[in-house]
Every structure is written in C-alpha cells, then in structure tokens.
C-alpha cells in the first residue's frame, strides 16, 4: 500500500489494478453500469456469503422484493423523496403502452418494502421483524463514475427491521455494530465509526451511523451505514401493531446498508504495485498450485501437483491448479495481479527434497514447507495472512489519524483528523472550511482520547468527531 | 397429487398451497411482481445452488451483466426484437432528464452480453466461452399472472456460450441436456424433451429444445429451454475470432434458460391436499424436530430435542428445532403445509424407549427409529424420499402419455399425446385443431416406440412428436 497517493495517481493505479485482475469491464455501453466478470463476481459473492452468515446467525430472514416501485408509494415520506428524487430512473412505458402510474427503479427499498410490512405486521407477536436482501439498486449519480465505488447500478445489501419500541430498535443497532465488526474482519478492512451530523443523515432517518475506510489518497469512503428511523417511515406507511393492552402503536425501524464499495475498499486498502491482494476469506482461489516442469518430467510433476491440489481441495481450501502450457514466471505474474493469497510451486527438485515452495502474496516472502505438512501449514498460513492484513491496515489507519485540539496556522491535514465539537453547526462548518474537509460526525469507537474543547470556538466539546476529505 | 384437476380447481389449490406455505406475497402494488418471503426465497436459492453446482463443475463462469440495455443494442437482431418488443419495459427518464437513448429492462440478456462478448473474444484460444448468470428479468406479459408461473419480474437463470463452430456448439447442447438431467433429479421433476417446431422457436434461434413438465390439469408447462443460435446473433453483433489460419470467423452460440417456474413445477407436481411437498435437496428445512412435552417434563424433553437437532446439524442436515409454545398438532399442521420432508417427534415415552418417531411427508407414514441410529437413518430416509418422489412423478408422467397413431372419432386427449408427423405444418395444425392442443415438437427422449406414420395424413412420419394443452 502506498500512503498519500495523489488523486490522479490513485485513480490510475486503482483502475489498472482492476483491469489487470480482470474484475470488471467498464466498456458496457451505459455509463456507470459495468460488467461483473467471473473473477470479480466471485469475490463479490464471497463477500455476500460472509454477510449472509452473520445475518442468518442473528435471525434475519432473506427476502427479495420487486425492483419497481410505483410513484405513488415512493411519494409517501417527504425527506426520503427529497433525498432521492434527483437520482431515480423512471419506467414510463411497457410494450407499446404509457404506464398510468410510472414505476421507478429502487434506489433503496424502503418504499417497496414498507407497504408490505404494513400487511405482515399485526401484533407484537410479529415483532421484531428482521429481514434483509441482496439486490441490484439504481442511482442516477451525476458525479464521475469509478468501478465499485461510484456506479449507477449498484450491487447492494440492505437489512430492514421493525421493533416494538425505540429501545428494541437501539438493541438492533448494537447488534448491527457487532455484525459489522465481524464482517469487517472477514474483509480485513479496518474502519472508523462516525455518527453523522444532523445535516448529513440518510433521507428520512432519525440518525445515521457511517463506517468509513481510509483510502490511499488520505480521503475516507463510506463503506456501510446503519440508520435509526424511529417512526419516521412507520407513520406515513402506517406500519402499526397491537400491543399487549390492545392498543395500536407504530413500529420503530432500523436499516443497514452495504454495497459493492466493499470490493473497492479491499482493492484500495490492500492492493500494491503488483496488483490486488485478497484476504483469504473472500479470495476466489485461496491457493494456486503451479507445477514447474519440462517436457521430460512433465507427467511426473503434473501428477504430483494434481495430487497436492486434490488434498488441499479435500481439506476445504479453495485451490486452483494452473497446468497451462506457459512459463512459470508468466503464471506467477498472472496470479499475483489477481491477488491469490498463496502460490504453491512444485518442481522436480522440491519433490526430491519432499517439500513445496510457498509464496505469500501480501508479504512477498517465500518459504519451503515439508510436503507431508503442507495441508495443515496452508490452513495456518491463510489464517495468519487474514489477521496480518487486518492488523497492518488497522495500524496504518490509526497512525494516520491526527488529534486536533486546535488547528495551527497553515496546518494542512493529510488524512483523518479528530476534533472537539461543541455542537454548533457553525463551528463544524468552520472546521470544514479551514481544513478543506468534511465533518464525518461523532467518533463512536473512541480508540483515542476525548478532545475536551471545541476545536473551533474552544467551548466545552459535546463530542469528539472525525473530519477528512471524502469520496 | 390429484390427476386431472380442472383449471379452476387447480388455480385455487395452487394459490392456497402457496399462501399456506407462505412462499410469496401477491399483494405488492404492481401486477405480476410478487414478494419473495424468506421461506420461498430459500427454496429458490437452494434451486439456484443446485444449478450452480452443475454449471461450475462444467467450467462455466458466473457473470453479472447490467440490467439496462440501450435501445440501440437491442435493435440489432431482427427476429429477437420482433419476439420481445411488445414485452419490454422502457426507462425513458432519469432524475429530471429525458434520456437521449431509452434503456430497456432486459427480458433476457443476449443484447446486453453480446456487444461485450465481441470485445472478450479475439482468437480461437478464447473459445469456448462459457458463462451464466442468475438475475432478475422483466417481461410485460399481458396474460393472466400466476405466482412463479407467469410473472412480470422473473428470477432467471441464463447460460450463454460461444464456440468455434456448429459442432462444438452441438457438443455444448449435449452437455446442457446432461446438466438438465442432473438438475431435474435434484428437483425431483420428471420431464419431456421436445425440439420445438420452426414456428415456436426462441426469437433469433436456429433451433430450440424445451423441457416440459406435466401439470395436474393435464396441461404441460415449459420449465427450461436450450437454444442453438448458430451465427444468428454473432453476425449482427459482430462476434468473431481469428482461427488458426489467421482468418476471422463468426462464433457459434448457445443459450440455456430456466426460471422460478421450477418452484411452480415442484408445487404443482408434488403438492397434495395437506400442502406443498419439498424434495429434500431443495427443502429449506429437511427435518423439523418437534418435542412433545408438558410443563413438568419440559426441561428434560427440550434438552433431549435440542441435543437431537444438534447432532443432525453436525451431520450437515438442514434441521429446524420447533420449540414454540404451541400444541404439537398445530406444529405438525404448520410444517406439513410447508412441505418439510421429515418430522421428528420426541416425547418422554420415546425417550424411555430410546426411540424417535419419524413422520414422512410424501407418504404420510410414521416410523419409530432407534435414537442411536437416528442420524444415519435420517440421511437414508431423505435420500429415499428424494428418489421416491422423482420415481413416482416419472411413472405418473409416463402413464399419462398416450400414443396416437391416429385420432379416433370423438377422441378427447386428457394429458399428453405422442403423434407421428410427416413434417408438413398443415398436418401439425390439423392435430392442434382436432385435439385442441399445442404441437410441442419432436420427442427427443423416445421412451416410447416411434410412431411410423403421420397422425394426420398417414404419410411417412419424419418424427414422433408431443402434443398437449400448455400453460
């Protein structure tokens, strides 16, 4: 990873990594709508699987709601419409007919789901309702597009839950934080948790928590977000339940969103000059086996390499056998660009010595491992790499956060700042202007000390907050 | 299964089964676009997993192409447009802007994929290209909608392959037939294979093979189809490769489609008066454990039931523990409607006798199984049930096919007929009129004898063909 890349440099590096790893094809003839190649899609679906594991384990049911939302349903929650109406795609015709009610492509699914939640929920016994879906959503974003990071058709995860009261919804948000902490370990992505300020919350939310990753340019990017809706949607969508006293109450709701940006974050945080580097949990191939052979020993070496691959496969390791008729160097290069965690080389000399050479993608190290210990060692090395990648990125993140009890004259913030904030919007705006950053919101992790006074006015700080440039 | 249900009776029965099993919610406010509930969606994704296993094992790469297709790309293959233009949804606006080029929601993905295949394929070394995707597609079908069977947003599987020549594409079609034969075993769905007549092939195809299932009404329904495109799309989309002599050739293409109709077919073929019956391979819960307890022995029985469920889970069986505070009868009823293959009942008497009672959903039988043999027996019983369901449905299908070397005066065909056909379209039309059926096309399985003479004109038959009423 190269800290403090310039924006142009980053863009070029990021795009090259994606092209060289063949993760996505940008040549599709609609702007911001890219083609997922088999390798890129496998990474994405491995991430989806990691998310599903946690959601299923916490009693969420996976659903799938229709893509198209009638204009009449969309228009029920005023803030929500305001936030999204400039970004929606409209279906106005079908076959030869103009539609009576235009349909929009979901930018997110509140307005598709909540008319049905109203029907599903009758009494307190139906609560909590915990659902999620993994679907395509559409946002006609006018900013410059970038693979995985800013696209117009988005591979999207969204959970939606309904609760008897605010407290139970708050418990759900605590569970969501816990889920994110597990998922981020699988993705080897360290993060900052910030409760967004009022003026930057999700359209319609009571409050919003964002998970931000630090990119090589020093800008941060929101990877995931959790929203407390209170009854803001339940009131217009009339989602009520009968409580134990027989009275009708509005449900309290939460949502939780993530997207293909997670792929972008992995590329940006872990990629190096050779290509992408994939955390073993999400890598399509965790191990590639490269036999080193000449014509005269091909049969013997290939047989031994296939045997090796088979043993790894039987142990549940995702292994790729590369027996193509190419020079080993070309194969190394091919799989390095694609970020495969471990490369196992097996040649006649290794066979003679009863060993396998293992090349480790993230550190670039090579080690000889005894053939009869290889399966167990590969399992260990994959687990070590997973932790090492997270640990390294976590340390890097923490080192690049600067506490700012005040802003010295002429100071230029390179990455992330932690500031004290009194709660006045003007003071936050002042920091945004002085540092040329965005006010990300309250630091909810507090891995650093509290900053006691407002960085702008010097008054008592109500909170410590993050600031940074953003994507 | 109730043979020869009348259409009204079937519709009511089918809809009731879906409602009682809570597979889908039809109350979404756009016609033909239904909500997948957690239980229904799990069945669908288990079917997807069965399909993925076969496609991955045969070297297909999973991709994901954009949903929206520019009108300009859609308009390249004349037959294809003709076949679909009445059925497409059009996006004409985004945010506040009218789009310069309207975008359509894919009804299938040829026109999205082939401009990119043109870029991916350069030389014969890039072939065969074997891809598939599982996505939502949209068809503005004006016929009456029916859950899973006729909907406007369709959960869709499509594979697309490119080959050096016609022969290699034919080999792919043979592989697809093999894949279907495996998938249909997982789904316990017997089928007829019919090569469709010229006038009923897929828009743009050189030929089409359909897989039809026999429904309780005696009508057949197409569940899957395979298409040989020859170069019909490669020419307008200019998908060429350089052959070994350095000459540019058009690729030959095939596709293979299936959809959520597979869920509809399972419901219709295997459902009974108590509810749906799920083949173990696709059942969300293969086993439900129902503890039979009173207040005074609750702790002991629940503990033993949980232990039982845990052992089954560890053996890789999908098990649901139902420890709700309801009478056992209510639970039986609940899980019968949902088609769970095996119900395990465990009460104090069973514990005393070291046994578990097993209720088998498809036969309605009950058996006592020794507690210390239960895990192995459950595995066997699930495998037996899978085969028994397929076998029973296969026998039923074969019994309901009538060979028709001629059509006796006043004859009314109840289910499926096999006819001889000379190849003249008029003769096929005559059969359609006389029998009030659709000519499904050439019998490619030939599990019955060849019919030597044309059922209409008595001339030499070029093929034996299926006829039936259809959905």
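The values are calculated or read from the model by the stated rules, or taken from the named source; none is laboratory data. Model, not experiment: these values are computed from the prediction. Cβ sites come from the backbone with ideal geometry, for glycine too, and all protein chains shown count toward neighbours.
Of all residue pairs spaced 6 or more apart or on separate chains, those with beta-carbon atoms under 7 Å, a first member in region A:375-401 that is under 22 Å from residue A:288 (Cβ atoms) and a second member that is assigned to a helix (DSSP H, G or I) are A:375/A:311; A:375/A:312; A:378/A:312; A:389/A:270. Confirm whether residue A:345 is over 22 Å from residue A:34 (Cβ atoms) and assigned to a helix (DSSP H, G or I). It is false that residue A:345 is over 22 Å from residue A:34 (Cβ atoms) and assigned to a helix (DSSP H, G or I). Taking residue B:87, is it crowded, with 16+ Cβ neighbours inside 10 Å, more than 21 Å from the chain's Cα centre (by Cα) and at pLDDT below 95? Against the criterion (crowded, with 16+ Cβ neighbours inside 10 Å, more than 21 Å from the chain's Cα centre (by Cα) and at pLDDT below 95), residue B:87 qualifies. Every listed requirement among (1) buried (at least 24 other Cβ atoms within 10 Å of the Cβ); (2) in a helix (DSSP H, G or I); (3) not assigned by TED's automatic domain parsing to the domain that holds residue B:77 is met by residue B:303 save one, (1). Within region B:368-402, being outside any helix (DSSP H, G or I) and surrounded by fewer than 14 Cβ atoms within 10 Å (Cβ to Cβ) holds for B:368, B:370. Would you call residue B:119 at the interface with chain A (Cβ under 9 Å from one of its Cβ atoms), crowded, with 18+ Cβ neighbours inside 10 Å and free of Cβ contacts under 8 Å to residues at least 40 places away in the same chain? Here the answer is no, as residue B:119 does not meet what is asked. If you check B:134, B:154, B:173 for being in contact (Cβ under 8 Å) with a residue 60 or more places away in the chain and touching a helix residue (DSSP H, G or I) at 6+ places or on another chain (Cβ under 6 Å), only one passes: B:134.
A single entry from A:352, A:331 fulfils the requirement of being over 30 Å from residue A:182 (Cβ atoms), surrounded by fewer than 15 Cβ atoms within 10 Å (Cβ to Cβ) and out of contact with any helix residue (DSSP H, G or I) (no Cβ under 7 Å at 6 or more places or on another chain): A:352. The single condition among (1) at pLDDT 95 or above; (2) assigned to a loop (DSSP other than H, G, I, E, B) that residue B:448 does not satisfy is (1). Quick one: how many residues across region A:414-442 are in contact (Cβ under 8 Å) with a residue 60 or more places away in the chain and over 23 Å from residue A:208 (Cα atoms)? Residues meeting the conditions: 1.
The selection criterion, being touching a residue at least 24 places away in the same chain (Cβ under 8 Å), more than 12 Å from every other protein chain (Cβ to nearest Cβ), assigned to a strand (DSSP E or B) and within 26 Å of the chain's Cα centre (by Cα), does not hold for residue A:184. Scan region B:125-168 for residues that are at the interface with another protein chain (Cβ under 10 Å from one of its Cβ atoms), surrounded by 20 or more Cβ atoms within 10 Å (Cβ to Cβ) and outside any strand (DSSP E or B) and the total you get is 4. Find all pairs meeting these conditions: Cβ atoms under 7 angstrom apart; at least six residues apart or on different chains; first residue within region B:253-270 and more than 16 Å from residue B:51 (Cβ to Cβ); second residue at pLDDT below 95. The qualifying pairs are B:269/B:1; B:270/B:1. For the criterion of being in contact with a helix residue (DSSP H, G or I) (Cβ under 6 Å, 6 or more places away or on another chain) and under 29 Å from residue B:280 (Cβ atoms), residue B:337 passes. Being more than 30 Å from residue B:348 (Cβ to Cβ) and loosely packed, with under 15 Cβ neighbours inside 10 Å is a description that applies to residue B:426. Whether any residue in region A:14-24 is free of Cβ contacts under 8 Å to residues at least 12 places away in the same chain, under 25 Å from the mean Cα position of the chain (by Cα) and farther than 30 Å from residue B:32 by Cα is what I want to check. Yes - at least one qualifying residue is present in region A:14-24.
Look at (1) within 14 Å of another protein chain (Cβ to nearest Cβ); (2) surrounded by fewer than 19 Cβ atoms within 10 Å (Cβ to Cβ); (3) more than 21 Å from the chain's Cα centre (by Cα) and you find that residue A:171 fails only one, number (1). Here residue A:49 qualifies as surrounded by fewer than 18 Cβ atoms within 10 Å (Cβ to Cβ) and either modelled with pLDDT of 95 or more or over 24 Å from the mean Cα position of the chain (by Cα) (or both). Quick check, is residue A:96 out of contact with any helix residue (DSSP H, G or I) (no Cβ under 9 Å at 6 or more places or on another chain) and either surrounded by 15 or more Cβ atoms within 10 Å (Cβ to Cβ) or in the same structural domain as residue A:33 (by TED's automatic domain parsing) (or both)? When the stated conditions are applied, residue A:96 does not pass them.
Residues being touching a helix residue (DSSP H, G or I) at 6+ places or on another chain (Cβ under 8 Å), under 25 Å from residue A:389 (Cα atoms) and in contact (Cβ under 8 Å) with a residue 40 or more places away in the chain are entirely absent from region A:291-306.
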